[in-house]
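The values are calculated or read from the model by the stated rules, or taken from the named source; none is laboratory data. Predicted model, so just to flag it, every value in this text is computed and none were measured. Neighbour counts run over all protein chains shown; Cβ positions are idealised from the backbone, glycine included. Protein only, heavy atoms only, side chains kept; ligands, DNA and RNA dropped before computing areas. Shrake-Rupley method; radii C 1.70, N 1.55, O 1.52, S 1.80 Å.
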Amino acid sequence: MRLDVKRVGGNNVHSDLVAAVGWNSRNELFSCGDDKQIARWDVHGESGGKVCDLESFVTAMAWSPTSGKDQSSSSETFATGGSDGVVRFVRCNGRVDKTLDAHRGAVTSTRWTNCGGFLLTSGEDGVVKTWSRSGHLHATLAVGDAAVYACAWSPRAAVFGGDGAVVFGRGNNLRIVSTADVGSKEQSAAKKNVPGNEVKAWKAHDGVVLSIDWCPALDGRIVSGGEDRRYKVWDGHGQILFISPARDHAITAVRWSPTGQHFAAGSFDSVWLCARDGWTNGSNDTGVGSAVSLAWARDGSSVAGCGGKPPFVFTGAVVDVEHLWDDIVVSRCGVTKLCEVTIHTFRNERSALDTVDDGVSTYTLKTGTERVSRLSWRHGILLVVSPKQICLHKSGVWQTPVATVDVSDCVVFIDQSRTGFAFVTATSDVVHVYTYDGQKVCDLRSDGLFPQSLDENVFSKSPDCVAFVDRSAGGDSMTCVDLSHSSSNGKQSGDGSGYKIPHSAKIQAVKLNQVGDASSGFRILAFLDSNKDLWLKRVEFAGTAAGGGHASSCVKIKSMVDCFTWSEKCDALVAVSRSQIVAWRCPVVFFTDNDLVGLTTTTKDLVGHGVGNAQTKGMLTITRFDGARVTVQNDDGARVTTSLCANSAFFPQLHNHAVGEKGTAKQWDKAIRLCRFAKDSTLWATLATHAMNVNELETAEIAYAALEQIEKVRFLQTVRKLEREPVRAAQLALFKHQVHEAERILVHGGFLFRAIEMHLRLFDWDKALQLALEHRTHVDTVLHFRNEYLEKSTEGGTGGARREDKPAFIAARREVEVSATQVLLKVAQERTREASHGNSDAAKPTRKADAEKSAKSLSSKTEKARASSRKT
C-alpha cells in the first residue's frame, strides 16, 4: 500500500497559497486559498477553471454530504471558513447561499455530520460551535483563551446528527466534549466554560496540536498531529496506541479515509499514507510546502492536499493495495495507469495471456478509459468498480466480464459473499444487493442502517442473509435480514425475515460465516462488543422450523479479543486474544455438543514468531485465514503466516467432505477415512460436530466411538432404533439443548404427552402446566407429578414436605381433581397409543389389568428416577 502522488497545479490556476481542498460526491476536487478564488479539478487532476471569487481569504472547507433524494449537481453545498471569522455556504456553481458570523478571528476548521444536518466550527478565538444546516447556532461547546486549530465529530455524532461527542485541540492538549443535550445551554456554557460537558482531556503532544481527525469506524480511533513533529493514534478513551518517529517538520494535517482502514498525514513537502495502526511504507514528496489541508475522495481511492508553494495542489492515488484470495493477488496500478488492474497468481495454473516471472504468473486487466476507483476480490469473483459501473470478472476468465452493474455515482462501500455482493454509492440511502449474474436481489432499508457510514466491521453479507449493527439503538443491538424472504425493497417485514438482536454492550464488529452448511437452515453470527468479548448467535432462516432464530441465545466464547474473522474455505473461526491465536474448527459445536468445545479449539502463542508482545495493546490484525494457515499483521506492518497445528491442512478438506464442496453431495465415507488416516482427536471431534449438526447418526456414532465417548454412542444407537421420526428428531434436539425445538417437533407430530413429560423430566413445571392448559389435556398428570415432587422434597431444616408456592399450580388444584390411579392409567394408555401411532392396523383396546400393571411399573420407574435426581 502506497500513495502515487501527482501535482495538479501546472496551469497556474491559483496565484497564492491554497489553504483548503475538498471533494464533492462526483469526485471533483475544489480548492480555495489566499487569492480569494475557488477552482475546480477533475478526478485526473486536470483543471476545470475558476468557480467563483470570495470576499475574504479562505482558511477551511467542508463539503456537505448529498442525500439520496437530492442528487443534482447544483444542489451540492460546501462550507468555507474565512480569515474574517465568517462561514459561507456556497453552492457547487459558486453561488453563496448563507453567511454566518461564526468567530472572532479566523475560522480554523469546518466539519459536517454524515447526514449534512449540522456543521462543526472552531476558530482562533478558542470557541467550538455547532450550527444547523439552516444557519442557526445550535450549541457552543467550548470557550477558552487559546486558539483551537482543529476539531472533529465522533463516529456516533457524525451518524446521529451531532448527538455524541467532539474532539478538539487546545494548546498541547486534546479534549473530548459531549454534544448531548447542549442545544438549549449555549449561553450558560459560554459563561461557565461548559462545566459538566467535558468528558476527557489529556496532554497529547509536546507542542501545539495542529490537526485532528476521528476515525469513522465504530472503534473510534483518533489521530492527531502537532508541532512536536509527530502524529499519534489514540483510542476513544485517550489511551495511546501509536507514536510516530519524529519527522523533520511539524505535522500540519491528518485525515482518515472514508473506510477507516488508513489515514494520511502531511508535513512540509511530505505526505504519509498510514495503516489504521499507524505504520507506513514511507513518505511521498508533494513539492507544495507544508500540507495545510488534506481531503479524501468519497470512494477512498485518492487523497488531495494543498500548500504554499507552486503548484499549490497535489493528489495521491492509493495503489498497490493487495487483495488476496485463493493464492491470487489483485491490485490497482499507479496514478498514470488508473485504468489497469494487475493480477498475480501464485500457483502453476497459467493462461496464454500471462507473463511468467520467478514462478508467478502476472496478467494485466485493462478496463478501457474508465478509471478504477475500487477493487473487491473474494470467492473467485473480481469486482472492478468505476464511476459508472461495476464489472464482474470470474477467476481465470479475466478478459471479458461475466456481468456488469450500472451505478449512478461512486461506490463508497462494497461487500461480497459466495453468491452475491452488496454496495453503497455516495448519494444513496439504501444498500443495493445483487447476484454475481448481475441480477438485483433487493434494496435494503432500515431505521438502524446508515449506508453512508458502513464498513466491513458493521455490515456483513452471507449467501442467505445480511447482518449489521443497528445504530438507531446506540450501537448495542444488531439486525439480521433474510434475503431469501425479503420484500422487493428489502424492508423488514413482519414475517420474521428481519429481527433485532439486543445486547448488553455496544457492538464493535459483526461477521457471518460464509461457507457453512446451508441445509442446516441457519447461519452463525459472530460479533465483538466493547468489552472485547466474542459472542456467537444462531441466525435462523425465516422459513425454518425454528421461527427466525428467536429461540437461540447468544453464547460467549472468548474474552479479551482484539480481532476475529471467518475462514475463506471452511466453517472455522479464528481470533487474536492476548498475543495468542485461538481457532474454533467448527463453531457450530456451541449449538450442537458443548462437550466437544475443548477438543475442537486450537490455541497457539504468537510471541516468538515475530509478532505479539506485552506492549502490543490490541494492534494485531488478521489479514487472512484459509482454515489451515493464518496471517497476522503487527502494528509495524510485519506479517507472519503460521500453521495452527500439525494437521491443519486436513481441516478444510474434512469440511468439504462433511458439508459438500461447491454444491457437491456430502461424502461422509471419505471424511471418516481422512480421520482414521490422521488419527487426530480434533479431527474426530470436528467430524462428530458436523455429523450431529445435520443428524447424520451413523457417522456421528463412528466419530464418538473413536473419541471413546461410549455413553453418546449408546444414546445414538437407541435413537436410531426409534421408529417414529418426530420422537427421534425431538431426542436429537434435546441432545443439542434445543428444548423449544424439541417441544415444537413433538407437538406438531401429535406426541403432546411426550412434550409435557419432557418438561416434567427437566423440572420445568411452569412450562409443563402451560402446555397442558393450552391444549386442555393432562393437567391432572402435571399436578400429580408436582405433588410427588413436593412430598419427596424437604422444606428448610424441618424435614417436612414443601408447600406449593406457584400461583398457577394453586389455581389449577382448585379446578382439577387429581387421582393418582387415573393419572397412572392415562399415562399407560398414552404409552400404548404412542406404540401404535402411525400403524395401518387399528390398535386393539387394552385390558384394564394390563393397563394397571403398566401404570405400576411406570410409577416404580418414576420413583427411582426421582431418587436418582435428588442424589445427583
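Side notes on the structure shown:
- Amide H partners (placed H, <5 Å) of Val288, local residues excluded: Asp269
- Each label was represented as a point 7 Å from its Cα along the Cα-to-Cβ direction; for Asp145 and Glu370 these points are 6.0 nm apart.
- Measuring between alpha carbons in the structure, the pairs from Lys569/Lys679; Lys6/Lys129; Lys36/Lys129 lying more than 31 angstrom apart are Lys6/Lys129.
- Close amide H pairs (under 5 Å, H built 1.01 Å from N) link Ala426 with Cys410, Val412, residues at least 5 positions away or on another chain.
- Here the label points at Gln239 and Met1, each 7 Å from Cα along the C-beta direction, are separated by 2.2 nm in the simple model.
- For the residue pairs Lys712/Lys792; Lys366/Lys388; Lys506/Lys537; Lys712/Lys736; Lys666/Lys712; Lys721/Lys767, the C-alpha atoms sit more than 19 angstrom apart in Lys712/Lys792; Lys666/Lys712; Lys721/Lys767.
- Using θ = phi - 60° in the Karplus curve 6.51 cos²θ - 1.76 cosθ + 1.60, the 3J(HN,Hα) couplings for segment 78-87 round to 10, 9, 10, x, x, 5, 8, x, 9, 9 Hz; x is entered for Gly and Pro.
- Database remark: amide H of Ser109 closer than 5 angstrom to the amide H of Ser122 (H placed geometrically; neighbours at sequence offset of 5 or more, or on other chains; Pro and chain starts carry no H).
- Residues of type aspartates and glutamates that Lys670 reaches as a straight line, Cα spacing below 15 Å, ignoring anything fewer than 8 places off in the same chain: Glu661, Glu696, Glu698
- Accessible surface ranking for Asp326, Asp605, Asp626, 1.4 angstrom probe, highest first: Asp605, Asp326, Asp626.
- Label separation (Lys309 vs Ala835): 9.8 nm, computed from points 7 Å beyond Cα along the C-beta direction.
- Computed from the C-beta positions of Arg720 and Asp248 and an R0 of 56 Å, the FRET efficiency is 0.15 to the nearest 0.05.
- The residues Val329, Val292, sorted by heavy-atom accessible surface at 1.4 Å with ligands and nucleic acids left out, run Val292, Val329 from largest to smallest.
- Area accessible to solvent at Ile702, 1.4 Å probe radius, in Å²: 50 Å²
- Surface listing: Val719, Val412 arranged by accessible area from highest to lowest gives Val412, Val719, probe 1.4 Å.
- Note on Phe346 and Lys679: with the Förster distance fixed at 22 Å, the Cβ-Cβ geometry gives a FRET efficiency of about 0.10.
- Thr99 contributes about 90 Å² of solvent-accessible surface, heavy atoms of the protein only, 1.4 Å probe.
- In segment 414-455, the trypsin sites (Lys or Arg not before Pro) that fall in loop regions by DSSP, at most 16 other Cβ within 10 Å: Arg445
- Were the residues from Glu55 through Lys203 laid out at 0.36 nm apart, the gain over their Cα-Cα distance would be 49.5 nm.
- In this structure, Val402 and Met560 have a Cβ-Cβ separation that, at R0 = 56 Å, corresponds to a calculated FRET efficiency of about 0.80.
- Area accessible to solvent at Arg40, 1.4 Å probe radius, in Å²: 60 Å²
- Where trypsin sites (Lys or Arg not before Pro) fall in DSSP loop in segment 261-347, at most 14 other Cβ within 10 Å: Arg347
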